[in-house]
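Okay, so here's the structure we're looking at.
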Ligand SMILES: [Zn+2]
């Protein structure tokens with residue numbers, strides 16, 4: 001079965017930005033893998049880092065199970081993500097383990113440096129996972145293809161200057177919004193944290209409001225927007241459109 005990997009920074013990033021599309025891809029017969037760079041260590045007012053990490057990784061595992069998927073943790077820590085040797089190897093190992101046809105990750109210039117660095121690391125890992133002499137010790141087979149790579153929309157649907165991103169395509173997730181909501185609802189500890197820290201009263205409603213705003217752009221109830229990475233080596237055709245047909249609207 002062909003595999004698709006969504007590789008975000010923190011537990012719940014994926015659910016917020018692309019879980020509706022992942023649920024559609026499951027229906028098309030793909031195996032879904034979720035990965036996070038960090039374990040959500042700072043997402044609690046008083047629990048110790050290892051305690052909240054255990055809770056959050058479990059929540060993410062539960063979320064992946066809802067779509068019959070698999071969850072991977074890269075081993076990093078919140079607010080510490082850097083483009084360095086440790087994170088480079090960790091990212092490449094996940095790409096080699098999954099060997100995905102399609103990868104989704106964070107927008108390259110998102111508001112949080114953890115997100116921005118995750119984007120660089122995942123993009124780089126997609127490119128170098130096929131280099132046999134890089135990181136040979138764990139014995140993972142190098143990949144033999146460049147995956148299709150898509151960035152999900154910026155957090156809050158705007159860049160750090162307040163502008164909308166030049167999306168490549170928008171996917172109609174009206175039929176899977178309930179699954180997306182169910183996946184996000186697995187992140188109970190994050191819901192409590194954002195209520196405490198960001199004064200977010202309704203975590204699920206914020207996600208729905210955002211998905212609704214994306215939907216308005218293409219005249220459907222709920223949607224998710226993406227930008228395809230077209231850098232050297234990567235496939236240039238829009239495979240999401242080929243798989244999802246009219247549910248995926250290309251933005252010219
Ligand atoms: Zn995040």
Note to self: Rounded to whole Å, give me the distance from the Cα center of segment 196-213 to that of segment 118-163.
What the structure shows: 28
Notebook entry, point to check: Once you have the alpha carbon radius of gyration of segment 3-250, what is it after dividing by 2.2 N^0.38 Å, with N set to its residue count?
Noted result: 0.94
Check: Can you tell which of 65, 188, 27 shows the greatest fluctuation in a Gaussian network model of the chain with Cα springs below 10 Å?
Finding: 27
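Rounded to the nearest 5, what is the percent of antiparallel bridges among the DSSP beta bridges in the chain? Walk me through the numbers on the way to the answer.
On the way: 10 of 29 bridges.
Taking every DSSP beta bridge with both residues in the chain, the antiparallel ones total about 35 percent.
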Check: Between Rg and the Kirkwood Rh of segment 104-204, both from Cα atoms, what is the Rg to Rh ratio?
Finding: 1.05
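If Rh is defined by the Kirkwood formula over all Cα pairs and Rg also comes from Cα, what ratio Rg/Rh do you get for segment 8-147?
On the way: Rg = 14.7 Å, Rh = 15.4 Å.
Expressed as Rg/Rh, it is 0.95.
Divide by every residue of the chain the summed helix terms, -39500 (n - 2.57) for each DSSP H run of at least 4, and state the resulting mean residue ellipticity at 222 nm, rounded to the nearest 500 deg cm²/dmol.
Numbers: 8 runs with 104 residues, N = 252.
Taken over the chain, the calculation gives -13000 deg cm²/dmol.
Read the figures in this text as sums done on the coordinates, not as results from a lab. The model shown is predicted, which means the values in this text are computed figures rather than measured ones.
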